[in-house]
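S.K.: Below are the structure tokens for one structure; questions will follow.
The values are calculated or read from the model by the stated rules, or taken from the named source; none is laboratory data. On a predicted model such as this, the values are computed, not experimentally measured, just so you know. Don't worry about glycine lacking a Cβ; one is built from the backbone with ideal geometry, like all the others, and counts go over all protein chains shown. Side chains included, ligands, DNA and RNA excluded: accessible areas come from the protein's heavy atoms. Shrake-Rupley method; radii C 1.70, N 1.55, O 1.52, S 1.80 Å.
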Amino acid sequence: MKPLKSLLAALILPAMALPLPAREPAPLAFRPDGSFKILQVTDTHYKAGKSASRTAVDNIASALDAEQPDLVIFTGDQVYADGVAEALTALTAPLVDRGLPFAFVFGNHDHQFDLSLPESYDLMRSIPGCLAPDRRGIPSPDYTIEIRSAADTSRVASVLYLLDSHEGSYIKNTGKYAWLTTPQIVWYKANSTRYTELNGGKPLPSLMFFHIPLPEMEYAWSQTDSYIAGTHGEDICCPRMNSGMFTAIKEQGDVFGVFFGHDHDNDFATTYWNILLAYGRYSGGKTVYNHLGKPGVRVITLREGERALSTRVRLADGTILHPADYPADFASKRPKKKK
């Protein structure tokens, strides 16, 4: 009799197989030194026609030149006004100019303007370098990105999970924000199981990206003394309903870091039950609130074959903030607040 995980994958995957891209971009792979660098851009809140939005584009361009990443991931709220096509084209222009691959998820505001989510998705996907798959009729699908081994590009060495964290709560009196749904958790567990089996039963070191933070980020801040790298400048705006994605991550044993945006005045990273939870840095101009000061990006550097990474915030002026290594630095305790 097959193990439960194998049976689950056999039942789920035929109906929920990974969407295939319409084209075949070169596979992503770790560098010969075993590293792979991701630039997380979040909450650009671009307003077409507003000069302040240029800050987001300049921020992205300067970070690309300084960091030379292998991949850029936009984690939502790319736009904040009509003129979505103009905004998305402008935000991705620095990547197109440099021939860099990118991926994206949507935030809770991206649907509110003159393009629907399916239209915005299809536009982003048409831009050279985009790794998002065909929607196959889904407005905003969840998908994976594979990173291949430096020594053998036929072998998957790490997986990135990108999910839509939705918008407002759809059940009365359950808080402001929606949550990752049961089908999404099933999708993640099925694909995680498949990758584990392809890797001889050993979970692949993996990361997850979406817009609205998990409730566990609030638990980590308020209930533990976990190490904090970065700034906590506002309340954590997460769903009030906990659908169980964090538990699924612990059960599967592959994802060791979860990255999100949404809260413009937070850019800290911490851990909860040994899983890294991290905000990106607000990346836009003065089109919405931001009390942290200069915009920036989060830099994430993976190491092949390890549940380990280095991360930091790079500001638009080149300043480096909050460098930290996971898991080493997060074994420390949070400094006690002075009374």
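Every residue, every condition in (1) among the hydrophobic types (A, V, I, L, M, F, W, C); (2) at pLDDT below 95; (3) touching a strand residue (DSSP E or B) at 6+ places or on another chain (Cβ under 7 Å), yes or no:
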| position | (1), (2), (3) |
| --- | --- |
| Gly99 | no, no, no |
| Arg155 | no, no, yes |
| Ser158 | no, no, yes |
| Glu167 | no, yes, no |
| Tyr170 | no, yes, no |
| Trp187 | yes, no, no |
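S.K.: Would you mention how many residues in segment 147-164 are out of contact with any helix residue (DSSP H, G or I) (no Cβ under 9 Å at 6 or more places or on another chain) and open to solvent by less than 10 Å² (accessible area, probe 1.4 Å)?
M.R.: 6
S.K.: Considering Ala81, Ala87, which residue is over 17 Å from the mean Cα position of the chain (by Cα), of a type in the set (A, V, I, L, M) and surrounded by fewer than 24 Cβ atoms within 10 Å (Cβ to Cβ)?
M.R.: Ala81
S.K.: Does Phe106 satisfy being in contact with a strand residue (DSSP E or B) (Cβ under 6 Å, 6 or more places away or on another chain) and crowded, with 17+ Cβ neighbours inside 10 Å?
M.R.: So Phe106 does not fit the description; no.
Condition check ((1) farther than 20 Å from Tyr188 by Cα; (2) assigned to a helix (DSSP H, G or I); (3) among the small types (Gly, Ala, Ser)) across all residues:
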| site | (1), (2), (3) |
| --- | --- |
| Met208 | no, no, no |
| Pro213 | no, no, no |
| Glu218 | yes, yes, no |
| Phe246 | no, yes, no |
| Phe256 | no, no, no |
| His262 | yes, no, no |
| Leu277 | no, no, no |
| Lys286 | yes, no, no |
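Residue-by-condition table, conditions (1) within 18 Å of Thr231 (Cβ to Cβ); (2) in contact with a Cys (Cβ under 6 Å, 6 or more places away or on another chain); (3) at pLDDT 95 or above:
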{"residue": "Leu302", "(1), (2), (3)": "no, no, yes"}
{"residue": "Arg307", "(1), (2), (3)": "no, no, yes"}
{"residue": "Val313", "(1), (2), (3)": "yes, no, yes"}
{"residue": "Thr319", "(1), (2), (3)": "yes, no, yes"}
{"residue": "Pro327", "(1), (2), (3)": "no, no, yes"}
{"residue": "Lys339", "(1), (2), (3)": "no, no, no"}
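S.K.: Residues of segment 289-303 being open to solvent by 30 Å² or more (accessible area, probe 1.4 Å) and either of a type in the set (A, V, I, L, M, F, W, C) or assigned to a loop (DSSP other than H, G, I, E, B) (or both), which ones?
M.R.: Within segment 289-303, Tyr289, Asn290, His291, Leu292, Gly293, Lys294 qualify.
S.K.: Moving to a separate point now. Name the one entry in Glu251, Glu306 that is among the charged types (D, E, K, R), outside any loop (DSSP other than H, G, I, E, B) and out of contact with any strand residue (DSSP E or B) (no Cβ under 8 Å at 6 or more places or on another chain). Don't jump to the end; show me each part of the working.
M.R.: Numbers: Glu306 fails: outside any loop (DSSP other than H, G, I, E, B).
Criteria check complete, one pass: Glu251.
S.K.: Here are some residues: Leu207, Leu214, Leu180. Which one is in contact (Cβ under 8 Å) with a residue 40 or more places away in the chain and either hydroxyl-bearing (Ser, Thr, Tyr) or in contact with a Leu (Cβ under 6 Å, 6 or more places away or on another chain) (or both)? Give the derivation first.
M.R.: Working: Leu214 fails: either hydroxyl-bearing (Ser, Thr, Tyr) or in contact with a Leu (Cβ under 6 Å, 6 or more places away or on another chain) (or both); Leu180 fails: either hydroxyl-bearing (Ser, Thr, Tyr) or in contact with a Leu (Cβ under 6 Å, 6 or more places away or on another chain) (or both).
None of the others qualify; the one that does is Leu207.
S.K.: Can you tell me which of (1) open to solvent by 40 Å² or more (accessible area, probe 1.4 Å); (2) farther than 25 Å from Gly83 by Cα; (3) touching a strand residue (DSSP E or B) at 6+ places or on another chain (Cβ under 7 Å) is the one Phe113 doesn't meet?
M.R.: (2)
S.K.: Given the conditions (1) buried (at least 17 other Cβ atoms within 10 Å of the Cβ); (2) within 23 Å of Leu64 (Cβ to Cβ); (3) in contact (Cβ under 8 Å) with a residue 60 or more places away in the chain; (4) not polar (S, T, N, Q), which single one is not true for Pro323?
M.R.: Here Pro323 meets the rest and fails (1).
S.K.: Then there is this: Return yes or no: is Pro21 at pLDDT below 95, in contact with a strand residue (DSSP E or B) (Cβ under 7 Å, 6 or more places away or on another chain) and open to solvent by 40 Å² or more (accessible area, probe 1.4 Å)?
M.R.: For Pro21, the condition - at pLDDT below 95, in contact with a strand residue (DSSP E or B) (Cβ under 7 Å, 6 or more places away or on another chain) and open to solvent by 40 Å² or more (accessible area, probe 1.4 Å) - is not met.
S.K.: Here's a follow-up. Take the residues of segment 304-320 that are farther than 21 Å from Leu91 by Cα and of a type outside the set (A, V, I, L, M): which is most open to solvent (accessible area, probe 1.4 Å)?
M.R.: Step by step, filter segment 304-320, then rank; the result is Arg307.
S.K.: May I pose another question? Which ones in segment 120-137 are touching a residue at least 24 places away in the same chain (Cβ under 8 Å) and either over 18 Å from the mean Cα position of the chain (by Cα) or open to solvent by less than 10 Å² (accessible area, probe 1.4 Å) (or both)?
M.R.: Result: Ser120, Leu123, Met124, Ile127, Pro128, Cys130, Ala132, Pro133, Asp134, Arg135, Arg136.
S.K.: Would you please name the residue that is nearest to Arg298 (Cα to Cα), looking only at residues in segment 182-225 that are open to solvent by less than 30 Å² (accessible area, probe 1.4 Å) and among the hydroxyl-bearing types (Ser, Thr, Tyr)?
M.R.: Out of the qualifying residues, it is Ser206.
S.K.: Only residues that are touching a residue at least 24 places away in the same chain (Cβ under 8 Å) and surrounded by fewer than 21 Cβ atoms within 10 Å (Cβ to Cβ): list them for segment 237-267, please. Quick ask: steps written out before the conclusion?
M.R.: Quick first cut of segment 237-267, residues touching a residue at least 24 places away in the same chain (Cβ under 8 Å) only: 237-246, 248-267.
Across segment 237-267, the qualifying residues are Cys237, Arg240, Met241, Asn242, Ser243, Gly244, Ala248, Lys250, Glu251, Gln252, Gly253, Asp265.
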